[in-house]
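Asks: Take this structure first; my questions come after.
The values are calculated or read from the model by the stated rules, or taken from the named source; none is laboratory data. As the structure is a computational prediction, the values presented were derived from the model and not from experiment. Cβ sites come from the backbone with ideal geometry, for glycine too, and all protein chains shown count toward neighbours.
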Amino acid sequence: MSNFPSLNDDAHLRDVFRSFPRGVSPLLSLHDDIMRRDSDLSVADRELIAAWVSGLNQCAFCYGAHRVMAEAFGISVDLIDALFADFESAPVRPELRALLRFARKLTLEPERIVRGDTEVLFASGWSESAVYDAVLVVSLYAFMNRLVHAAGIIPGSEYEKPDKAALEQRRQGGYVEWGRREGLFGTQEESRSSIID
């Protein structure tokens with residue numbers, strides 16, 4: 001149920017952004033920069049981290065959205081479910097398990113991160129750039145999870161069993177493109193977005 005009286009109880013994130021447009025354009029540009037631009041982390045891995053962080057933060061909306069996004073980019077939903085059921089025995093490649101373990105600590109115990117945590121990642125084969133990009137994803141979804149929780153947004157049925165067309169749509173464009181499709185930008189916001197891009 002929405003926590004803002006002006007929003008319907010079944011409000012979606014798009015409705016929050018329509019009602020409160022401040023910062024939406026640069027926020028979606030930031031999403032594209034972190035989640036879609038070239039990186040030592042694949043888009044699939046970044047979307048998996050977004051789903052992982054959102055699940056750890058018990059943000060059902062973001063978890064559902066990024067579970068679907070990870071699936072769209074080739075991550076099995078069975079793998080995602082296995083990670084939450086029993087992290088240590090989930091069938092994930094060792095270097096990704098190390099990165100997800102780091103993401104969990106940064107999400108749940110950020111004050112306890114020490115140099116040894118990143119050294120484990122470097123020893124697992126991750127570059128400094130990949131580790132930094134993982135930190136950006138964790139940080140972005142800490143922000144998004146809190147925004148969604150504060151607004152009281154819950155997931156809709158579109159995240160339950162997406163069909164092939166829905167998965168394909170998620171592979172097309174990016175977050176700014178989603179904002180345009182949803183009619184979130186006017187001329188002024190679009191011009192700001194193009195400056196950031």
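Asks: Restricting attention to the range 12-29, which residues are touching a helix residue (DSSP H, G or I) at 6+ places or on another chain (Cβ under 7 Å) and of a type in the set (A, V, I, L, M, F, W, C)?
Replies: 13, 16, 17, 24, 28
Asks: Still on this structure: Give me the residue from the range 144-165 that is of a type in the set (D, E, K, R) and at pLDDT below 90 and, out of that set, surrounded by the most Cβ atoms within 10 Å (Cβ to Cβ).
Replies: By that ranking, first place goes to 158.
Asks: Among the listed residues 136, 99, which satisfies the condition of being part of a helix (DSSP H, G or I) and crowded, with 20+ Cβ neighbours inside 10 Å?
Replies: Criteria check complete, one pass: 99.
Asks: Right, another one. Of all residues in the range 1-32, how many are in a loop (DSSP other than H, G, I, E, B) and over 29 Å from residue 76 (Cβ atoms)?
Replies: Adding up the residues that qualify gives 15.
Asks: Condition test on residue 120, is it assigned to a helix (DSSP H, G or I) and touching a residue at least 24 places away in the same chain (Cβ under 8 Å)?
Replies: Judged against the criteria, residue 120 is not a match.
Asks: May I ask you to list pairs of residues, at least six apart or on different chains, whose Cβ atoms are under 8 Å apart, with the first in the range 88-106 being free of Cβ contacts under 8 Å to residues at least 12 places away in the same chain and under 14 Å from residue 45 (Cα atoms) and the second being surrounded by 15 or more Cβ atoms within 10 Å (Cβ to Cβ) and of a type in the set (Gly, Ala, Ser)?
Replies: Close Cβ pairs (under 8 Å, with a partner that is surrounded by 15 or more Cβ atoms within 10 Å (Cβ to Cβ) and of a type in the set (Gly, Ala, Ser)) amount to 97/90.
For every residue, the table says whether it meets (1) outside any helix (DSSP H, G or I); (2) in contact with a Lys or Arg (Cβ under 7 Å, 6 or more places away or on another chain); (3) farther than 14 Å from residue 100 by Cβ; (4) in contact (Cβ under 8 Å) with a residue 60 or more places away in the chain.
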| position | (1), (2), (3), (4) |
| --- | --- |
| 34 | no, no, yes, yes |
| 44 | no, no, no, no |
| 49 | no, no, no, yes |
| 61 | no, no, yes, yes |
| 84 | no, no, no, no |
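Asks: What number of residues in the range 166-194 are part of a helix (DSSP H, G or I), at pLDDT below 70 and not polar (S, T, N, Q)?
Replies: 5
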